[in-house]
Amino acid sequence: MSGLDHPDIAAAYDAVRSDKDEANWMLISYAAATGNKLSLSKTGTGGIAELAASLDDAQVQYGYVRVQYANDAESKRVKFVLVVWIGENTKVMRKARVSVESGDVKRILSHHSIAITASDRSELEERDVVAKLRKAGGADYNGGRG
C-alpha cells in the first residue's frame, strides 16, 4: 500500500490520538530513500500552525493533527483533522494520484472529524479550522464564542 502500512505511521497516529502523548500532529510525505513511497516524515507538538510550517510547496503530503478548542465555558473538545496538502509546485503526475491515494490515507488515518484539502497555508489557520470543526460538530450552545 505504497508505504502506508509501515509501523512508524501507525505509532505516530496512535501518539497523536493519545491523551497521554505530547505529539499532536504527524506528517506523511514521499521519501526518495523509501523508493518514493509514503513514509512518516515529521511529528510535533506545536499544533496545526507547526504542521502548516512544515509543509513542502513541491510535494503532496498528508497531515493528521489534534485540535483542542473550547466548546463553551465549561467544556473543551478534542477533534482530529486530516490535511491533504497539494503544494503549488507539485509535479502534475504526482497531483494526478491524489484522488486515489488520499482514499488509502483516509483508511489508515480513519478517525478524523474533517478532511481539508489545501494548497495554501492560509487555508490552515487555526481559527478557520476550528470554525469548520464547530460546523461539522453540530450544536454550538455558545454561539461560536467559546
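Bear in mind that the values in this text are calculations on the coordinates, not laboratory data. In this text the structure is predicted, and so the values were computed from the model without any measurement. Note: ideal-geometry Cβ built from the backbone for every residue, glycine included; neighbour counts use all protein chains shown.
Using the Cβ-Cβ distance between Arg107 and Ala70 with R0 set to 41 Å, the FRET efficiency works out to roughly 0.85. Two numbers describe the Cα atoms of region 29-88: Rg and Dmax, which are 14.4, 50 Å. Per-residue ellipticity at 222 nm computed for the chain from its helices equals -9000 deg cm²/dmol, with DSSP H segments shorter than 4 residues left out and the rest contributing -39,500 (n - 2.57). The convex hull defined by the C-alpha atoms of region 1-70 has an orientation-averaged projected area of 5.1 nm².
Counting only Cβ charges, +1 for Lys and Arg and -1 for Asp and Glu, the dipole size of region 7-136 around its Cα centre is about 400 debye.
Separation of the alpha carbons by more than 18 angstrom is noted, of Lys79/Lys106; Lys42/Lys132; Lys20/Lys76; Lys20/Lys132; Lys20/Lys79; Lys95/Lys135, for Lys42/Lys132; Lys20/Lys132; Lys95/Lys135. Seen from Met26, the other residues with C-beta closer than 13 Å to its C-beta sum to a net charge of -2, counting Lys and Arg as +1 and Asp and Glu as -1. Scaling the Cα radius of gyration of region 7-136 by the globular reference 2.2 N^0.38 Å produces a ratio of 1.03.
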